[in-house]
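The values are calculated or read from the model by the stated rules, or taken from the named source; none is laboratory data. Small disclaimer: the values here were computed from a predicted structure and weren't measured. Note that each Cβ is placed from the backbone with ideal geometry, even for glycine, and that neighbours are counted across all protein chains shown.
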Amino acid sequence: MMLQKKSSPGSHLRTSGPTKSMSISAVLSAAHSLINSVPFQNRTDYVHPTSFITIDEEGFPSARLVVSLEVAPDFSKIILSTRTNTRKVAEIKASLDRKGVTVSASGAVPENTGVPASCSWNDYRNRGGWLTIKGLASLGKQIEDGTKIEIIFRPVHLEIMSYSEKVHEDADGWSPVILSREGENQWKRGHPVPKCVRNATSGHT
């Protein structure tokens, strides 16, 4: 009896080799393309919905769709907007309060101060994919006569896996490409937890 050769996990998905040689700028470009592919009123720019995740006072994650106002070309900053009386704003304020950060009368907080949060997008094209960005969220200026407020999100960790953009770390397409950055430094390969996140999460329950 002839035995059939057992295929490796995910071998049916193999379309290209790993992207270890892909430049960081190419990875960031692929991330922008993935965001722009998310359907939203026929927009072709950075204005697309993201799943924005914050942590409530009991330590549970809360997710909701938020449309971005701005995404920096190098992903150093993402600006979201929301109404001032939403739970996401309350959760960010509560987390800042636990850290002892003072929020001004306008709702803004000091530059480069924030609490852990994340943004994620799904790639609905072809075989799919996803982009998750972790970082520090803070509150910016109030807009539209004070009825809305900006959320300033500063990324420190980026993971992307997309068959359409041909971005994945392994040949089978199971592992994402991972980038990390510390403060104003450039993105680097790998996933060490940045110091700013370690400091932000210390004492968090």
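Table for the structure above
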read-out	value
Count of residues meeting criterion [more than 25 Å from K99 (Cβ to Cβ) and either modelled with pLDDT of 90 or more or not charged (D, E, K, R) (or both)] in the stretch 142-188	22
First in the stretch 64-88 and over 15 Å from S29 (Cα atoms) and touching a residue at least 40 places away in the same chain (Cβ under 8 Å), second anywhere and among the charged types (D, E, K, R) and outside any strand (DSSP E or B), Cβ under 8 Å, 6 or more apart	V66/K88; T82/K88
Residue list for the stretch 27-67, filter: β-branched (V, I, T) and either in a strand (DSSP E or B) or more than 21 Å from K166 (Cβ to Cβ) (or both)	V47, T50, I53, T54, I55, V66, V67
Cβ pairs under 8 Å, 6+ apart, first in the stretch 140-151 and free of Cβ contacts under 8 Å to residues at least 40 places away in the same chain and under 10 Å from N85 (Cα atoms), second of a type in the set (G, A, S) and crowded, with 17+ Cβ neighbours inside 10 Å	none
Residues that are touching a strand residue (DSSP E or B) at 6+ places or on another chain (Cβ under 9 Å) and not in a strand (DSSP E or B), drawn from the stretch 68-82	A72, F75, S76, K77
Qualifying residue in the stretch 6-20 (condition: surrounded by 15 or more Cβ atoms within 10 Å (Cβ to Cβ), at pLDDT 75 or above and either of a type outside the set (A, V, I, L, M) or not in a strand (DSSP E or B) (or both))	no
Residue in the stretch 82-100 that is under 18 Å from V47 (Cα atoms) and either of a type in the set (G, A, S) or under 20 Å from the mean Cα position of the chain (by Cα) (or both) present	yes
